[in-house]
Amino acid sequence: MATLIPTLGSARFDARGELNLAERLKNCLEDNAWVWHNIPVGPFGRHPDFVTLHPQQGIVVLEVKDWRLEPKNRS
């Protein structure tokens, strides 16, 4: 189980999809993986949804898009 910072109980998620992904990352990644949510990164302080670090696999930055395409009303 990965370490999530901040923890699920104290994190604020902008969309349900972010919470779902946080739960999956925490439960599916190995114990030595670290996952940060919504932290400032780089010289402009951008806030990606997730930054994941695994000692052997490296770093991945994730941006979650959680929306549904509404079907067009065909008249």
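Just so it is clear, none of the values below were taken in a lab; they were calculated from the coordinates. In this text, all values refer to a predicted model and were calculated from it rather than measured experimentally.
A compact table of results
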| quantity | calculated |
| --- | --- |
| Per-residue [θ]222 nm for the chain (sum of -39500 (n - 2.57) over DSSP H runs n ≥ 4, rounded to 500) | -5500 deg cm²/dmol |
| nm² value of the averaged projected area, convex hull over the Cα atoms of segment 3-62 | 4.2 nm² |
| Percent of beta bridges antiparallel (DSSP, the chain, rounded to nearest 5) | 75 percent |
| Degrees, to the nearest 10: 16-28 long Cα axis against longest axis of the chain | 40 degrees |
